[in-house]
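The values are calculated or read from the model by the stated rules, or taken from the named source; none is laboratory data. Note that the coordinates shown come from a computational prediction; the quantities given were computed from them, not determined experimentally. We place every Cβ from the backbone using ideal geometry, glycine too, and count neighbours over all the protein chains shown.
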Amino acid sequence: MPKFIVSVKINDELVELKPGLHKGASLIALTTLTTLDSEGRLYLDLKGDVDIPVLDDDLVQIQGGEVFYFGNSNLPDCPDLVNSLSININGSEIIETSKSKLCGSTLKKLVHDDISNKVLYLELDDAPDYLLSDDDCLIISNSHKFLLVNQSNSDGDIPDLEDCACGHNQSDKHQKYKIKIDKTKYKVECPRLTGREILALAGYDESRYLYQKFAGGERRLIDLNEKVDFTEPGIERFHTMRCEHQEGLEQSRKHFSLPEEDVEFLNSLNLDWECVSENGIKRVVIRRFPLPDGYNLSCVDVNMQIPNSYPTTQIDMAYFFPAIDRADNKPIRATTQDVFDGKSWQRWSRHRTASNPWQPGVDGVATHVAYIQSWFAQELLK
């Protein structure tokens, strides 16, 4: 969980404030000291290095535990450091610098000669990322990470993440993106947002889970406080689901046991699931499993038969309720009906090939679910 209040010391006086970027003038205003020498300045105490004068317009990243003091010194406004720092921009370690402060335009020029259409963000874990102007003067720290992206001047400059992922096109890093949440597309105004902010963008509160879907079918649960970087390759879209699984899980049937790793995977889906044995046939049933766009349903129940000699023997095929149709009305081939649990399920006859055999010790419920997800994507390409 992010920290919403942290403490710093100013002349041995503890001061509480929110983490994030603060201007020097606001830090001076936080102290209750009133007998300061008119010639004194605020300094950031760097253990093992020179102290840094904090001017009114300087930006300081507060994470908690910083120490400041008022005093007099003949140090220049921007002294050189004894120990140089490495600047991390776009995930790469850029050349080291001995400067204690750098302005936005100088930081940009460390990685790009033409900065006319570039904007720079300082990544912050406990606050919204900060858009640095060219004139902003930042006191540099080893913990700083920056994101340099193309400025978005019009809607035509804004890439669509789904189009980029499905077309396998990795565009340059951009300031703004179009993202798809469930069935609707939205424009995001910055390159990183938290899970909570993405839910709010779609009008949802914290009563829903947020999943991130990647090209190829992989899905991952996003924590409310986790920041999603839209500049990373492979993100396709997001889907949400109500946080209603716990009550259903308490009432679910567990007629047989599964290996521990299967149970961990099924719980990670945050969906209702059951182990049901009927007429001597064991099945794992997953409720309200999400379907990609292109089908008549947004979610469906799925069951898979578990052989008695599993996991040595493979899981084969899958069964869906209700029956799935393509949204374009093209027929889905190699399907038939199967009665189970008082319902008629749609069986998809899909089988592993000789070049993709079942591997005991590697394959299990998780890989078969991924295999099923690949069927949904491949079917729409036919």
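A few points about this structure:
- Selection of the range 220-244 for residues being surrounded by 17 or more Cβ atoms within 10 Å (Cβ to Cβ) and either in contact with a strand residue (DSSP E or B) (Cβ under 6 Å, 6 or more places away or on another chain) or assigned to a strand (DSSP E or B) (or both) yields 222, 227, 228, 230, 235, 236, 237, 238, 239, 240, 241.
- Qualifying residues in the range 160-184 (those that are surrounded by fewer than 14 Cβ atoms within 10 Å (Cβ to Cβ) and farther than 24 Å from residue 131 by Cα) - the one modelled with the highest pLDDT: 184
- Taken over the range 3-23, the criterion of being touching a residue at least 40 places away in the same chain (Cβ under 8 Å) and of a type in the set (A, V, I, L, M) is satisfied by 6, 8, 10, 17, 21.
- The lone criterion from (1) farther than 16 Å from residue 231 by Cβ; (2) touching a strand residue (DSSP E or B) at 6+ places or on another chain (Cβ under 8 Å) left unmet by residue 215 is number (1).
- Any hit, the range 350-358, residues being closer than 21 Å to residue 183 by Cα and in contact (Cβ under 8 Å) with a residue 12 or more places away in the chain: no
- Of the residues making up the range 353-382, those that are outside any loop (DSSP other than H, G, I, E, B) and hydrophobic (A, V, I, L, M, F, W, C) are 365, 366, 369, 370, 372, 375, 376, 377.
- For the range 203-240, the tally of residues that are in contact (Cβ under 8 Å) with a residue 40 or more places away in the chain and within 10 Å of the chain's Cα centre (by Cα) stands at 7.
- Hits in the range 48-62 (condition: under 13 Å from residue 99 (Cβ atoms) and surrounded by fewer than 19 Cβ atoms within 10 Å (Cβ to Cβ)): 49, 50
- Positions within the range 100-128 being closer than 15 Å to residue 144 by Cα, touching a strand residue (DSSP E or B) at 6+ places or on another chain (Cβ under 6 Å) and modelled with pLDDT under 90, in sequence order: 110, 127
- Sole exception among (1) in contact with a helix residue (DSSP H, G or I) (Cβ under 6 Å, 6 or more places away or on another chain); (2) at positive phi for residue 180, by number: (2)
- Residue 284 passes every criterion in (1) surrounded by 18 or more Cβ atoms within 10 Å (Cβ to Cβ); (2) at positive phi apart from (2).
- Here the range 1-45 is the region considered, the condition is being under 20 Å from residue 76 (Cα atoms) and part of a strand (DSSP E or B), and the residue that is modelled with the lowest pLDDT is 41.
- For first residues located in the range 79-91 and among the charged types (D, E, K, R), partners that are assigned to a loop (DSSP other than H, G, I, E, B) and lie 6+ apart or on another chain with Cβ distances below 9 Å form the pairs 80/50; 80/100.
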